[in-house]
Every structure is written in structure tokens, then in C-alpha cells.
1. In segment 46-68, what residues are on the phi < 0 side of the Ramachandran plot, surrounded by 11 or more Cβ atoms within 10 Å (Cβ to Cβ) and free of Cβ contacts under 8 Å to residues at least 60 places away in the same chain?
2. For Gly2, state whether it is at pLDDT below 95 and under 29 Å from Tyr144 (Cα atoms).
3. Please find, within segment 77-112, the residue that is nearest to the chain's Cα centre (by Cα) out of those that are within 16 Å of ligand 1 (Cβ to nearest atom), assigned to a loop (DSSP other than H, G, I, E, B) and aliphatic (A, V, I, L, M).
4. Here is a list of conditions, (1) more than 20 Å from Pro152 (Cβ to Cβ); (2) touching a helix residue (DSSP H, G or I) at 6+ places or on another chain (Cβ under 9 Å), and Pro72 meets all of them except one; can you say which number that is?
5. I need a count of the residues in segment 21-55 that are in contact with a helix residue (DSSP H, G or I) (Cβ under 7 Å, 6 or more places away or on another chain) and within 11 Å of ligand 2 (Cβ to nearest atom).
6. Pull up segment 115-161, narrow it to residues that are over 14 Å from Arg36 (Cα atoms), among the hydrophobic types (A, V, I, L, M, F, W, C) and within 16 Å of ligand 2 (Cβ to nearest atom), then point me to the one that is modelled with the lowest pLDDT.
7. Checking Asp29 against (1) near ligand 1 (Cβ under 9 Å from one of its atoms); (2) among the acidic types (Asp, Glu); (3) surrounded by fewer than 16 Cβ atoms within 10 Å (Cβ to Cβ), which test does it fail?
Amino acid sequence: MGSRTARLFYDEIIAKPPGASRPTRWHQDASHWCIRAEQVCTLWLALDDTGLGDGAVRYIPGSHADGRIYRPVDGAGRPWPGSAGDPPPPDGAFEGLYIVSFALEAGDAAIHQARVVHGSSANTAGRHNRRAYVTRWLGDDAVYSWRGFDMPVSVAVPFEEGQPLDHGLFPLLYEQAAGVPA
Ligand SMILES: O=C(O)CCC(=O)C(=O)O
Ligand code: NI
């Protein structure tokens, strides 16, 4: 992240069981968060061997670079109530772009900046469950920024516009020692 600190924003398990999973639309994680930051990322840790047919995550390299954050939409493509801005282009628009994906072994992890457009297919191979332990991380420059909808954390603690997210809600799990470059 290029940050001197790393705070855990939240974590979750995302599973795609064989035969019972659906594709995950192309999206930016940043669309769903009331956060303004460059130093904010997702760490996707494979709990099972994960290849493309198992529903590996696919990424559009460089899609974070222009700073744009699409409006959040639900699984059917409907914008979240209260949100504003341009929704992401239809899924097919991304399929023609340069896409990268990684065959991960259980225990491997991939990290992406929160504006990187990504998605995944269903677990079509059906050879085993596709489970990931997904953690979201905040760096030094992460501040709260209202985007028209509440995140669960902002309901618990009302942050001010522009307020740094250096709050006990988000445990500080890494701090660079003084004098060491970030
Ligand atoms: O696990 C997936 O298929 C999607 C993951 C994802 O979108 C994320 O971790 O932000
Ligand atoms: Ni995502």
C-alpha cells in the first residue's frame, strides 16, 4: 500500500460451493465504501486451490488509475438507494479488455487496490468448494467520505467528512518502525 500503517477494516469468508454459485459481477470494492483513499486494499487469501474454473477472481489491471469510482449496484445491476454517479458499464464491456487471473494454491493470496475492477465466474469445475478469507485494509490516507449510503461501521460511529479512520473500530495491525521507508 505504501503506507506506514495498516488497519483491518473488516473481514469475511467468501465461498463458492460447487454447483451452487453464481458469477460475481465486475465491480470496484471502493464503490461500496464511504472512504476516500489511495491506500486501501483487499487481500484475497485462498483457502482452497483456486483456478479459473473454480471461480478465481479476475482483474482489469490499471483500472484504478483514473481515480473513477463507479456507483454501487446490486446483483441485478440496480443502483444502491442514495448512491450517485455513473454505474459500471455492463459486464460484457469488460470482457474485451486485458484481464488477469491467478491460479492460487490454498494459502496463496492476491491483493488489489480498492478501485481495481474485478469479478469472478461461478465455480463451474465443481471439484471442491472455493473458499477465501478476504480482509480489507486501510492505510494512512484513508478518510471517511459520505457517498449517500451508510456502511455498517458508520452507523456504529458517526464519522465526520474527511475524518481519518484511525479509530479503534479498525485495529492497527501494522506500524512501520520510525526511520524505515514506507
Ligand atoms: O470471491 C469472489 O469471487 C469475489 C471477491 C471480491 O470481489 C472481493 O474480494 O472483493
Ligand atoms: Ni470485490
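1. Tyr59, Ile60, Pro61, Ser63, His64, Arg68
2. Answer is yes for this residue.
3. Ile99
4. Result: Pro72 passes all but (1).
5. Result for segment 21-55: 3.
6. Ala122
7. Unmet condition: (3).
The values are calculated or read from the model by the stated rules, or taken from the named source; none is laboratory data. A quick note: this is a predicted structure, and the numbers were derived from the prediction, not measured. With ideal geometry, Cβ positions are generated from the backbone for all residues, glycine too; neighbour counts draw on all protein chains shown.
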